[in-house]
Structures are given as structure tokens and as C-alpha cells.
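S.K.: Handing you this structure, nothing more for now.
The values are calculated or read from the model by the stated rules, or taken from the named source; none is laboratory data. These numbers come from a predicted model, not from an experiment. Quick reminder, even Gly has a Cβ in these numbers, built from the backbone with ideal geometry, and neighbours come from all protein chains shown. Surface accessibility is based on the protein's heavy atoms, side chains included, excluding ligands, DNA and RNA. Shrake-Rupley method; radii C 1.70, N 1.55, O 1.52, S 1.80 Å.
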4 protein chains.
Amino acid sequence: MDTREDLVPGDTGSWRHYGATTLPKALAAALDAFAERGYDGTSIREVASRAGLSVPGLYHHYPSKQALLVSLTTTVMRELLERSRQALAEAGPTPSEQFDAVVESLLRFHMFRRNQAFVASTEMRSMEPASRAAFVALRDEQQRMLDRIVEEGVAAGEFSTRYPEDASRAVTTMCVAVASWYHPDGPLSPDEIVTRYLAIARCTVGAR
Amino acid sequence: MDTREDLVPGDTGSWRHYGATTLPKALAAALDAFAERGYDGTSIREVASRAGLSVPGLYHHYPSKQALLVSLTTTVMRELLERSRQALAEAGPTPSEQFDAVVESLLRFHMFRRNQAFVASTEMRSMEPASRAAFVALRDEQQRMLDRIVEEGVAAGEFSTRYPEDASRAVTTMCVAVASWYHPDGPLSPDEIVTRYLAIARCTVGAR
Amino acid sequence: MDTREDLVPGDTGSWRHYGATTLPKALAAALDAFAERGYDGTSIREVASRAGLSVPGLYHHYPSKQALLVSLTTTVMRELLERSRQALAEAGPTPSEQFDAVVESLLRFHMFRRNQAFVASTEMRSMEPASRAAFVALRDEQQRMLDRIVEEGVAAGEFSTRYPEDASRAVTTMCVAVASWYHPDGPLSPDEIVTRYLAIARCTVGAR
Amino acid sequence: MDTREDLVPGDTGSWRHYGATTLPKALAAALDAFAERGYDGTSIREVASRAGLSVPGLYHHYPSKQALLVSLTTTVMRELLERSRQALAEAGPTPSEQFDAVVESLLRFHMFRRNQAFVASTEMRSMEPASRAAFVALRDEQQRMLDRIVEEGVAAGEFSTRYPEDASRAVTTMCVAVASWYHPDGPLSPDEIVTRYLAIARCTVGAR
DNA sequence: TATGAATGAGACTTCATTCAT
DNA sequence: AATGAATGAAGTCTCATTCAT
């Protein structure tokens, strides 16, 4: 059920590293389908067929369509948070360094986990209340992590924005949006995208 | 088919003014439903019921569910473009002034037409190829309008961003995202949001 | 409501003459549609549209879809019977002469009223019981007219068939079937078809 | 897909033998319903109910209403052709013997497969183009088989008709029509009907 | 573990028909 | 005499889900 390589706490920089996702084939099939056609636009038969399973075969692994969505989306915010925390933990003490670390983490995640991230944010409304609440809570926590850094950066005179909370949200927004257009075969490498967006994000909060 | 008050070309500032939307009730019902539950998640019964019509009554006015979506989404980008063009036309000659005008236009539009804008961007994948292509073309044109301004701003030394195209997209992204959280009853007035996001957007491109 | 030129009793040979059908446009539209797609396969909208009427406009003239069918089919057998009777009345006294007259009448009718004849026989099952019964009664009467002639021909030694009733039905069948393939633009003229089928029909009952 | 007992090539006279049809119950239900009310007049619910299935249960076996029709009609002409070919193969060398064989085959088929034959010819217009074309091709082949025999019979001086092609079609027509009135509980046994119609058909082509 | 068969509910859409205007 | 608008019922088909095997 756990879909990612474990992040070893002591392993410096491991938050930057993304192996090939190793989702169980049923989840991988659901992910692709949901990303392409949306939750409501995807039938359980479509998922089963993409997974090379019969419909009851699929139900043997997951009790419902909703369970597939939940399985796909609950992990994803947890992983993002964990990676961001690790990035933060390894960053230097200044808000600028911390800002860079968390933004880079956001960016990489939305490139390497773009489908999961995209489906999770798109299909929030299709989640049952409990799962949605859990998801929202994690997402807010992630947002607050960046908010706090921006706030501290302003307090420390490192960032000059007059609207720290809005700027922080704007930064998150632009990082999240990467998931909706980034493609591994595109013209820009992940590293290049990180370079550019980091520069832009710093401007957004008025760094330096 | 035209759902908004006409923008009078000579009427200075009319791009800033948004009257109450006067969508036909069937379209209004579809819009609300699509915004809440998505295109695939909305049944034609739901739309009819919200519109106070029987199902065949709804079909009397619109020949298909897809037609409702198309009706809703084709107008919306056209209106945004028209307003942005008007804002640009009325703006002063400097890239900074033009940037402010177009960004403000984007912001206001995504607040006052938030549902239409939201549905259009969310349900692109549910549109039939022809409608989707038309929509994408208009959206790209809108994006290029801002791209050009940012580029000129950089050339003129008014903007300092090293990545004009990416910064321009980031600005659009943050403006568009307003549609997904803004609510008239929220704590911030549209004017206040314009003030804040304009400041942030200027920073993003490294204005002044 | 009466759809054919009147057959003047004293007008010799008028049973052979078919003017252009002068059905009211609604009936003409229904006839074409029923012939092409069948009664159940035709919608009232299709009929109205072919007739150049609005749907309520059509209902103003005919109270129901069934009424269109009834209007189309009740007249048709009546006309056939009338023409056959006239042909018979004008024929000479021998069974052979009478057989020829009635068969020719059947043939011409199924060429010049082919759509009506086709729809009437095809859509019997779509008629309400009363209309169907009336139609069947007339059809049986038409059949018995030929049966009697064949029987008399056999009694008179003019026909040699051992199965007069079956042969009579076979002759009717082949004449009726003409409606399903004859076309005015086809290679054979009505007169030529009459010549050929009359010869064949005579053989079928073993004439001479 | 094959719905009849196999015709064993070497089994003399097997073209005369018709066991009880063993259509899958869904097809049998569709056949009865189509025969009674026509394709367009039959709802899928009606078929399912006659078959003792729920509607989705029916769709589990056949993907569409059209598929039911196609399944019913494609086999039928193939079987007729096969039986006619076998009858022809077993017949003596003279056109008269061959004529008798093929006509008897036509007659028996339209008695023992009367519903299939009836539906196939009645619902040609309801078939999708591809299936219709296939059906027409087979039907034409069957017709040409008889045409050739009649032609040869005329050439050999065994038949005296002056219009071989038309007479051949007339014979086919009367045989096909048997399907629309024959009923196992009727007064005439199949053998008796064969006797009578064979005599009549011979007359029609002017045999001997 | 996997599957063919099944189903109640509901999807979109069209039907014949009516009625106020 | 004609029409725009409306509707209850029914059309074909697909949904997520279950169960015997």
C-alpha cells in the first residue's frame, strides 16, 4: 500500500531523489485513468482493463472505487510533507535557505509525482468527507510550513513582501501548477525548472 | 448566447465593471452544478432540477449535456480576452502600466466570473476536441498578451526577471488560482485582493 | 382525406389509370417516412419536419401518429378493391379474361401505389386492432375475388392447377411483392412488367 | 454463434432435417419479440424479460440491440444457402430435378426457420450498412442459384417460361412468403405444403 | 485467487403528446 | 392555423458492485 521508496531520515538529500514509482498495478492504472479522464469519468472497468485484471479481481484488492482514490491521495500529501520536512531539516538556519529548500521540494514533488499530485488536488471534491478532511489538513500544514518561513523571512528582513501570507500562497500555487504542464519529455529538465522557478519564487516574496 | 453586459468600447474602465451575470437559468444551473461536482459528476437531472425544468424541458433549450458545457466555456475566454484587451488599450504606454492593467483584469475576471473560469479550466478534458481547441487557442492568446508585456518590460529595463516567460506564466497561474478560493463573502474585498496580488505579481517579474 | 382521383364507374379502363397521388403533405410525409424507416422507426418530429410543419401543426391535422397510419392504410385497400372490381366488371365473361383483369389490376396498383401498399402490408402489426381487422377483411375479400376466379377457371377447364387456392395465393403474393422492388426509374416499364407477370401468373394457375 | 445442428456434408438428405432450434435464450427471446413487434417496436427490456434476464444481464451477452439483430440475421442466410447447396449437390443432373431440390429446400427452410427468415427479410432496413450488405450478398447468391437452374431448364427445353429471370424471382417470392403465414399447428403439414408449392412452382416456370 | 454472470440504479437522450399564446 | 415550451414515460446503454464457481 505504501507507494514510495522510504525516506531514510539520516540520508542527506534523499528528499531530492525520486525512484520510479512502484505503485501496485491496480493503483497505477487508476492513477493514469483518473489523471486522464477524472474520477467520475473513469469506470471501474476501465481501471481493471488498464491493470490487466478482471473487475472482481480488482475488487479483490480494493473494496471500492473510492478506496482507489483514497489510496492514491492520502499517501501523496503525506509523502510531500515528509519530503518537505526533510528538506527543511537539512536546510541552513536562515529563512532564505529554508525557503529555497521547501520550494525546491515542492517543485520536484510536482514534477516527479505529477499525476498523483494532480489527481489529488483535482479530485478533492470526489473524496468522501473523512478522506477529504484528512487531505485538506495535510495540505494546510504544508502551506503553513511555507507561510511560517516567509513570515520569519520578512521579520528577519530577508524578504520584503508586504503580503507574506498571500505571497506564500502564490508561490505554492505556481509550484503546484507545474504538475499540470510538466512532462519528462518536455524541453526543460527538472533541474532547469527548479533553477528558474526558485528564482521566480524568491522574487515573489521579495528576497534580498 | 452572449451572457454578459456588453463592453462598450469607448466606455473607459468598463472592463473593470461586472454586473450580475445574467445567464439563462439552465446555463446558470449547469454552471453551479459543474462547479460543485464536475461535468462527469453532474447528471442532467441535477441540472434540470436546479433550473426548475423537467429533463425534456432542458433538452428543449440545449440539445445535449455537452452543449451546456460548450455554451458555458466558449463565451468565457472570449470575455476575458475582450476585457484584457480593453484594459490594455486604456493603459499607459509603459510595460509596467500595461502589466498592471492586464493583471488587474485577470484578477477581477477570476473573482467575478470565478465559476465560469473555474469550470472552463477544470473541464477542458471533458470538452469535445473542437471546442477544446478553440478554448485553448484563446487561452494561449491571453497568455501571449502578458508574455509580450513582460518581455518588453525586461527589454525596457522595467522588469528584472531573468525568466520572463516563466514568470509571466507564474503570474497568470496565481491570478487564475484566485477563482478557486475567492468568495464574495470572504474577508478580503476584490479591491484589496487586487492591491495585494498586483504588488505580488510585480515582484514576481521584478518590477522596478 | 380521400387520396385518389375518383374512379368514375362508367369510365372504361379508368382502373388502369393512375394520376399523381395527391396526398395531403402530412400524409405524404408520413408515407415516405414509414416506407423508409417503418412506423416504429419514424418519429412524429420526422414526419412534421418532412411535411414542413411544426409538431403541433401536424397534430392539428391528425390527432395521433396512429391516425396517420390508419389514414394511410384504410384508403389503400379500399382503392385496390374498387379498382379490381372495376377491372373485373369490364372484363369478358371467361375466367381467363377475368383472371387477367384482376391480376393486371393488382400489378398496376402495386407499382403505382407501391409505398402505400408496402406500408400497409408491412405495418399491419402496428395498427390498432380495429383498423387492422378492417384492413384484413378487405385484403381477404380481395384474395377471395381471385380465389373464386381461379376456382371457376379450373371448373371450366381453363386452368389446370391441382391446388387452386394455393396457386391463387401464390399469384397474389408475387403481385404484392412487386411493390417492394419496383421503381419508376428501373429498367422495366409498368407495361412490360404487366406483360411478363401476367404470362407468369397464367402459368402458375396452369392457364390453357 | 452457430445456432443450428451441423449439416454433415456426406449425410444424404440432411438438408431436409430440422431439429429444434437451439438458440441461446437471449437470441430466442429477441427473435420472438422481433417477429411479433418488429425491431424498432421491441424494447431491450422486452427482450430481457422474455429471456428471463435483467437488462444488464442481457448486455453481458450481447453488446447492443443491433448485435442481437445481426446475430439473428447473419446466420440465417448462411444456413439457407448451405442447405440449398446441399440439396442441389444431391439432386439429379437435370434442371428439373435441381429445381425441385432447391425449391423444396427454400420451402422447408421458410417453414422451419420461419421466424428467423421473416425477421431477416423484414428488418433488413434496421441493419447497419455492413450487416445489411453481407445479408443482401448472400440473398442474391441464393437467388442466382435458382436463376441459373431455370435458365438451364429453359435452354434444355425442360422449362417453357418466356421470362426465366422473372419467373425465378416469382418462385422465390412465393416460397419466402410461406414464412409469413405457415404455422406448425396449421391445417397443412410441411410435406403437404411442399407437395403443393412444388407443383405450383413447376407450373410457374412452365415445367414439362 | 480469479472469473463469468448477474443486477438495481441510474446515465443521457428521445418519444408522443399537450397547452398557452 | 401555427408555434415555443413543456412533460411523463420510455428508449438504449453503462454504472459500481456482488456472488457462485
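S.K.: Compute the signed sum of charges (Lys and Arg +1, Asp and Glu -1) over the other residues within less than 11 Å, Cβ to Cβ, of B:Gly41.
M.R.: -4
S.K.: So what's the angle, to the nearest 10 degrees on a 0 to 90 scale, between helix B:25-37 and the longest Cα principal axis of chain B?
M.R.: 70 degrees
S.K.: Nearest 20 debye, what's the magnitude of the dipole of the stretch B:14-205 about its Cα centre given +1 on Lys and Arg Cβ and -1 on Asp and Glu Cβ? Show your work: numbers first, answer last.
M.R.: Details: 21 positive and 23 negative charges, 118 e Å.
Dipole of the stretch B:14-205, to the nearest 20 debye: 560 debye.
S.K.: Going by the rotation axis that takes chain B to chain C, pick out the residue of B with the closest C-beta and quote the gap in whole Å.
M.R.: Of all Cβ atoms in B, the one closest to the rotation axis yields B:Pro56, 3.
S.K.: Excluding ligands, DNA and RNA, what is the solvent-accessible area per residue of chain C at a probe of 1.4 Å, expressed in Å²?
M.R.: Dividing the accessible area of chain C by its residue count gives 44 Å².
S.K.: Cα axis of helix B:65-90 to longest principal axis of chain B: angle in degrees, 0 to 90, nearest 10?
M.R.: That helix lies at roughly 20 degrees to the long axis.
S.K.: Based on the alpha-carbon gyration tensor of the protein assembly as shown and its eigenvalue square roots a ≥ b ≥ c, which shape applies: rounded if a/c is under 1.5, prolate if not and a/b is larger than b/c, or oblate?
M.R.: Verdict is prolate for the protein assembly as shown.
S.K.: If you put +1 on each Lys and Arg Cβ and -1 on each Asp and Glu Cβ, how big is the dipole of the stretch A:1-108 around its Cα centre, in Debye rounded to 20?
M.R.: Charge dipole, the stretch A:1-108, about its Cα centre: 460 debye, nearest 20.
S.K.: For every other residue with a beta carbon closer than 15 angstrom to the beta carbon of D:Ser189, add +1 if it is Lys or Arg and -1 if Asp or Glu, then tell me the sum.
M.R.: Numbers: positive: D:Arg16, D:Arg108, D:Arg114, D:Arg196; negative: C:Asp166, D:Glu104, D:Asp185, D:Asp191, D:Glu192.
Once all neighbours under 15 Å are counted, the net charge is -1.
S.K.: Set the Förster distance to 35 Å, then compute FRET efficiency between A:Ala137 and B:Arg148 from the Cβ-Cβ distance, nearest 0.05.
M.R.: 0.25
S.K.: Then there's this: What are the distances, in nm and sorted shortest first, from the label point of C:Pro187 to the label points of the same position in each other copy, with each label point placed 7 Å from Cα along the Cα-to-Cβ direction?
M.R.: So the distances to the same position in the other copies read 4.2, 6.7, 9.0 nm.
S.K.: Given charges of +1 on the Cβ of Lys and Arg and -1 on the Cβ of Asp and Glu, with all other atoms neutral, how large is the dipole of the stretch C:21-63 about its Cα centre, in debye to the nearest 20?
M.R.: The calculation lands at about 120 debye.
S.K.: Quick one: helix A:129-155 against the long Cα principal axis of chain A, what's the angle to the nearest 10°, folded into 0 to 90?
M.R.: 10 degrees
S.K.: Starting from the residue with the highest accessible area, list C:His60, B:His110, D:His17, D:His183 in decreasing order, probe 1.4 Å.
M.R.: Ranked list, largest accessible area first: C:His60, D:His17, D:His183, B:His110.
S.K.: What shape does the stretch C:72-205 take by its C-alpha gyration tensor, where a ≥ b ≥ c are the square roots of the eigenvalues and a/c under 1.5 counts as rounded, a/b above b/c as prolate, and the rest as oblate? Present the calculation step by step, with values, prior to reporting the outcome.
M.R.: Working: a/c = 1.86, a/b = 1.29, b/c = 1.44.
Judged from the Cα gyration tensor, the stretch C:72-205 comes out oblate (a/c at least 1.5, b/c at or above a/b).
S.K.: On average, how many beta carbons from a partner chain sit within 10 Å of the beta carbon of a residue in C:194-200?
M.R.: 5
S.K.: Positive end of the dipole of the stretch C:21-63, charges at C-beta (+1 Lys, Arg; -1 Asp, Glu), about the Cα centre: which of C:Gly57, C:Ala30, C:Ser43 has its Cα farthest in that direction?
M.R.: Of the options given, the answer is C:Gly57.
S.K.: Total Å² of accessible surface buried at the C-D contact, 1.4 Å probe, nearest 100?
M.R.: For chain C against chain D, roughly 2300 Å² becomes buried.
S.K.: Considering lysine pairs in the protein assembly as shown that are 8 or more places apart or on different chains, how many have Cα atoms under 26 Å apart?
M.R.: Step by step, the pairs that qualify in the protein assembly as shown add up to 7.
S.K.: For peptide B:178-187, compute the average count of partner chain beta-carbon atoms within 10 Å of each residue's beta-carbon. Before the final figure, lay out each step's value.
M.R.: On the way: counts 3, 0, 2, 2, 0, 0, 0, 0, 0, 0.
Averaged over the peptide's residues, the number is 1.
S.K.: Please list A:Ser168, B:Ser126, A:Ser54 in order of solvent-accessible area, largest first, computed with a 1.4 Å probe with all protein chains present.
M.R.: A:Ser54, B:Ser126, A:Ser168
S.K.: Between A:Lys25 and B:His183, what's the calculated FRET efficiency when r is the beta-carbon distance and R0 is 45 Å? Round to 0.05.
M.R.: 0.65
S.K.: Turning to a different aspect of this structure: Have a look at C:Ser84, C:Ser131, C:Leu107 and report the one farthest towards the positive end of the charge dipole of the stretch C:75-131, computed about the Cα centre with Cβ charges (Lys/Arg +1, Asp/Glu -1).
M.R.: The residue sitting most towards the positive pole is C:Ser131.
S.K.: While we're looking at this one, here's another question. For a quick check of understanding: with a 1.4 angstrom probe and all protein chains in place, what accessible area in square angstrom does C:Lys25 have, to the nearest ten?
M.R.: Accessible area, nearest 10 Å²: 120 Å².
S.K.: Let me ask something else about it. Take the alpha-carbon centre of the stretch D:179-208, take the same for the stretch A:135-199, and report the distance between them in whole Å.
M.R.: 89 Å
S.K.: Report the Cα centroid-to-centroid distance between the stretch A:22-53 and the stretch B:11-37 in angstrom, as an integer.
M.R.: 35 Å
S.K.: As an exercise, use a Förster radius of 35 Å and the Cβ-Cβ distance of C:Ser49 and A:Glu36 to find the FRET efficiency, rounded to the nearest 0.05.
M.R.: Efficiency, from the Cβ-Cβ distance: 0.35.
S.K.: Return the average number of partner chain Cβ atoms within 10 angstrom of each residue Cβ along peptide C:159-171.
M.R.: 4
S.K.: Still on this structure, I have one more. Counting other Cβ atoms within 10 Å, which chymotrypsin sites (Phe, Trp or Tyr not before Pro) in the stretch C:103-208 have at most 13 and lie in a DSSP loop?
M.R.: C:Trp181
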